[in-house]
Structures are given as C-alpha cells and as structure tokens.
Amino acid sequence: MSYLVTGATGFIGKRLVKRILARRGTVVHFVVRDPSAQRLAPLYEYWGVDASRAVPVKGDISLPNLGMKAAERKPLEGKIRHFFHLAAIYDLSADAESQKMVNVEGTRHVVAFANAIKAGCLHHVSSIAAAGLYEGVFREDMFDEADGLDHPYFATKHESEAIVRKESKVPIRIYRPALVVGDSRTGEMDKVDGPYYFFKLIQRLRKLLPPWVPTIGIEGGRINIVPVDFVVDAMDHIAHQKAGDGKCFHLVDPEPMRVGDVLNTFAEAAHAPTMSIRINAALLGFIPRGVKKSLMSLTPVRRIRNAVMKDLGLPDDMLQFVNYPTRFDCRETTAALKGSGIEVPRLADYAWVLWDYWERHLDPDLFIDRTLRGTVGGKVVLITGGSSGIGLAAARKIAAAGATTIICGRDEEKLAEARELVAADGNELITFPVDLAEIEDCDRMVKWLVETHGGVDFLINNAGRSIRRAIESSFERFHDLERTMQLNYFGALRVTMGLMPSMIAKRRGHVVNISSIGVLTNAPRFSAYVASKAALDAWTRCASSEFADMGITFTTINMPLVRTPMIAPTKLYNNVPTLSPEEAADLIGNALVYKPVRIATRLGVAGQVLHALMPKIMQITMNTSFRMFPDSEAAKGPKDGAKPPPMNADQIAFQQLMRGIHF
C-alpha cells in the first residue's frame, strides 16, 4: 500500500511516517523541498528504512502542483491510497502572511494535487483552532458555527479546512488535534509551545521558594492537551478503518483540565510551589475594553508588560487564551478507537516526563553561553585597582577567559608584578599607570582607552580607599572624607562617564561597581567609606534608569569583607571570617555573565531590610558592635610595640554572628 505525506519532517509527521512504515508492505512517498542525502540521512535513521520504502518527492506546497511537472507527478497517479496533509504552521506567534501562505494557499495546492493524482483518501490534519473561540461545546460535525476567528492562526486553520471540504473531489477525513505536547513516554518535543511557555516561570518560582510555600495564581478556562504519541496512534488507527470518509475526528482529551490545574500539575512535576489560591482570570473580562486599552496605551505600562513577557518567553497574545471558552465533543473519535486500547493518558501521569525533557533539552537558558569565556572572550575589560587584591584576582580570571584585560593603578612596580604573574599563567595583561584620585589623570587614561581600544565593553570600578575610624576620632581629619570621596566616588564616575559615550555609540556596555556590605548595614567606624560607596550606589541607580533602553547595564556588588591589603592594618580582622580575593573575583565573574542589578549576601540584604523595618533596634545592635570593637591601632596612631588585646567571648560570638560585616 502506498502513501503520500506532506510535513513528514515535522514533529507529528515524522512520527506518523514511522508508525505507517511499521505496517508490513507499506511504501511512503514524502514531499520535501530538499531531497539531499545530508538532509534525509537523519530521517532514514529515525524511520529505520532506506529510500526503497521511504521515497522522497521533491516539491513545495507553496507552489501550484506542489512545484512538480506533469511528468514528475505521473508515477503517483492512481497509486496513492492515503494522502496525509500535515504541512502547516502550528505557531500562534507566526505572522499572518506566513500563516496564510502555508496554511491556506498550501492546503489549496495540496487539495488540487490530490484531485490530480486521484488519491484514495485525503487525510487533512487541521486543529481545534478551526473552531475559533466558540463559546460552548463544539461537536465534530460542526464547522460553520465557528466563532472568534480574528486571530490569524484560528482564521487560517478554519479557512484551510473549508478548502478541503469544498474543493476536494476525493474522499476526505479531517483530524482536529488538541494542543499537542511531547511524547508521554519519552517527553520528546521539538519546540516551546502551549503550556511550555509557562515552564520558565515555574522554574524561577522553584529557585525562589521551597515547594511547600503557598502561592497565588490564576484560574482560567479548560485547556485541552494531548501527547503526540496519542495523536499519531489515533490517526493511524482511524485512517485505516473502512468507515470514516467525510467525517471529522476530534483528537482531544475528553476530560480537559482548567489552566490553573494544568499549571499546578507541572509545578508538582517540577517540585515547585503550587498555586494554593487561584484568581479567576474571567474577572478581567469585567474591566471595560476601553479601560484596558487606555492602560496599555501608557508607555510605561506597555514597556513593563513587554519586558515581563519577553523575560518569561511568553508570546504577546498568550494571555488572551487563558480564558479559553470552548469544549470539544469527541464521540466519533471515541467510537472509532473503541477496543483499540488507544486513549489519552492522564496529564499527571506523564507531566514529569515532559518537564524533565524540557529542562534537559528545551530550556532557553541551555542555549545561552553562561560561561565567563562566552561573555568576555574577545571583549575589552578594564579593572581599576587591578594590581592587587580583588582586582588582581579578577584580572587573572578574566584574562584566562580570553578578554583583552586592562588594569590600572598608581604603583608601576606593582603593575609590572601583576603583568608578570598573569604572563606566568599563560595570559596577557595590559597595564596603565594612573592616579584615579586626579581628574586629569582619569581623563588621560580614558583618552588612551578610546584611541587604542575604541573604549571598553566591560568596566569594573574596583579601585577604592577604606578608612576605619570613628567619627569622634575624625573631627580634625576632614581630609579623610575628602580623599575617600575623591577616589571612591569622583574617580569612579570620571572614568565611567568618560567611557560611556563609546558605549552609547555601540549600544552595549556593562559597568560593575564594587560597593560594600556596609552600605546595606550602615557599619559604624566606616562613615567616610560607606558614604562614598553609597553615593556611587545612588548614582548607579539613577544611571541604570536613564540607560535601560540603550543596551548599557550596571551591577552593584555589595561586597562583604575580603582579605586584601586594604584591611591588613586592622589586626582585629585577622580572626574574622572573610572572603578570599578569588571568591570575590567569582562574584565579579557572575556580575559579568548574568548582569544582575545587584549582588549581595543574604546577611547584607537582611541588614538592609531590618534597618528599614526596625531602625531603632538596628541602631542599638550596630552601636553595640561599635562599642564592643575599638578603633584599630592604625586609627589611634602608632604605639611602639603595642599589641591589640585578645578578644573576649562576646566579641568572638558577635563576629561569627555578623560574619562578613565591617566592624
């Protein structure tokens, strides 16, 4: 028995052909635009046959006669018992012109071709979308009653089915599958579609919250989902029954689930929090259309909506179908499948298989290079204060990732040592001597960077000065505040603003500012340092808002205490838990790769929240630490041979409790 199939390389078509070829003595001719051996080899391997049983026919459904001449069509005339038409666009987000060309005109060409070769039966794979947004139960014998066909996907599915019904001169059978998901046994799927669009949201909830935390979600209409293996098995079985010509078959779940139940089923499969409280999305229907349209006409509202939809990978019109109003009767299908053992499996029984396959093969994050090399390789990176400590550790990591790595600092001897250290790693480091506390020197470096490298792609403002001294010890040392602000704030800004014009011209660039956990916890004794970093943080928040639409992004790292030469004068820190420079460099690497708005420790965030909610209690807590830990000997002034007193039990316990915070 001979078959002809369009769309044999598609998700459903490939599996249907394999199912047909499992029948003894069958030969399948399949229409393909590119019959090259390279193109067909994977298909033959999947089907387990060669060209003697799966015969390629060069053609294109977008062309009259499928692009074939009469002589090419002749061998098929009167020989094809079953002609399966599956080639179509099954994508809500496709543009209207493409859908009309393939779904409508393509179907018209297929019907004319089926008539010309006198096919035994034309099997047209339509969709439940042909019913549009019909409110109520849509039976298999209904067609003209379809309603709500404004969307091009619904409209073209309905129109293509109309062409089959009206223009076919050979017997027809029409199949309307529901929303087709992956194989219920393997989870295999070839694209993100339907409920898969919500998988990223479920995945993010899982990362944020433990599975036992109740959440609030939406409740919508009933969404009809079927696995691809059911669709293929049902089509193959129904197509080979004697009775059935002229009929339409709904390949649907007779007991569809509501949107909220579907999302909860996948959430359980992903071990993510489920929606304990669900708000009926139909309530949105009570909002007058004019009000919703007015809201969406507001630029901020529209941009926020678009950004959220893009971030979650949701099509623009996805939310229109949450309240899907149509139920589908499937009595003809049920009768045809009776006794075959073919039935729709429960979603709860195979949801975990779909989730597992998506997370391993379809998760969009899998196709993004999240390595440091993939982010900075071949790019220009400037690290200020890169001759030691955090900056040098970051420079070694970034240079190893293939970036053109530039560091700057005041001490030419230390810069040379850093260059030799990176060279010993087998990488290259470019150094530039500069005093960032001098505005003219900043401008000199910026000019060199623009002329030599065309600016930078990544700027890491790491250079800084820290002073641990109580305010009461600083009444006569106002210059401490001035010089700290000059380097930590004005120097960083001068470099950043000098390099931003070139970033604007390229419409890309990322700035990482090394701030401090002290900005979040308001650490005493660090008023000069914290004030300078807080100023930089505030400027960064303003800049982030101004350049959000220009491809320039910013990350603030509220760095906890790191064991660097900057904290060496404070002997108190010798026994305090700190990060190593290498661990701090890892945080910088994450900032470059993921570009978050802020990176902070949980303790730092907790401190910020507590200062906002219970400021008086936090003042008492921080004052306790202030009185518990004295000024360093460096702050008091040198004393010959003096050693700091040993820490008592209270000091040790407090340090462990507040590890990483400056004291």
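Throughout, read-outs are computed from the coordinates displayed, never taken from laboratory work. Predicted model, so just to flag it, every value in this text is computed and none were measured. Quick reminder, even Gly has a Cβ in these numbers, built from the backbone with ideal geometry, and neighbours come from all protein chains shown.
Based on alpha carbons, the Rg and Dmax found for the stretch 142-239 are 18.5, 60 Å. Listed by chain and number, the aspartates and glutamates placed with their C-alpha closer than 18 angstrom to that of Lys169 are Glu77, Glu105, Glu159, Glu161, Asp245; residues fewer than eight positions away on the same chain are left out.
For Lys338 and Asp443 in one chain, what is 0.36 nm times their gap in residues minus the Cα-Cα distance, to one decimal in nm?
Values: separation 105, 0.36 × 105 = 37.80 nm, distance 8.16 nm.
Working it through step by step, the gained length comes to 29.6 nm.
Return the FRET efficiency for the residue pair Leu209, Arg373: r is the Cβ-Cβ distance, R0 is 25 Å, and the value is rounded to the nearest 0.05. Let's see the in-between values first.
On the way: r = 32 Å, r/R0 = 1.29.
Efficiency at R0 = 25 Å is approximately 0.20.
With the cut-off at under 19 Å, measuring from each backbone N in the stretch 216-258 to a point 7 Å along the Cα-to-Cβ line of Arg24 picks out 237, 240-241. Computed from the Cβ-Cβ distance with R0 of 41 Å, the FRET efficiency linking Met497 to Met101 stands at 0.20. Put a dot 7 Å past the Cα of Asn65, heading toward its Cβ, do the same for Ala538, and the two dots end up 7.8 nm apart.
Would you mind calculating the gained length between Glu546 and Ala51 on full extension (0.36 nm times residue separation, minus the Cα-Cα distance), in nm to one decimal? If you can, show how the numbers build up before the last one.
Values: separation 495, 0.36 × 495 = 178.20 nm, distance 6.08 nm.
Gain on stretching Glu546 to Ala51: 172.1 nm.
Cross-link pairs exceeding 23 Å between alpha carbons, from the set Lys69/Lys242; Lys200/Lys397; Lys166/Lys191; Lys18/Lys79; Lys58/Lys247: Lys69/Lys242; Lys200/Lys397; Lys166/Lys191; Lys58/Lys247. Evaluate the Debye formula for the stretch 87-149 with equal point scatterers sitting on the alpha carbons, no solvent, and hand back log10 of I(q)/I(0) at q = 0.12, 0.19, 0.22, 0.25 Å⁻¹, in q order, two decimals. After summing over all Cα pairs, the log10 values are -0.39, -0.89, -1.04, -1.12.
Counting beta carbons within 10 Å around each of Trp539, Trp448, Trp212 and listing the fewest first gives the order Trp212, Trp448, Trp539. Between His271 and Arg81, the modelled label-to-label distance comes to 5.0 nm, taking each label 7 Å out from Cα in the direction of the beta carbon.
Within the same chain, aspartates and glutamates fewer than 8 places from Lys506 are excluded, and of the rest, those with a Cα less than 19 Å from its Cα are Glu451, Asp457, Glu546, Asp549.
Subtracting the Cα-Cα distance of Glu420 and Arg165 from 0.36 nm times their residue separation leaves 84.0 nm of extension gain.
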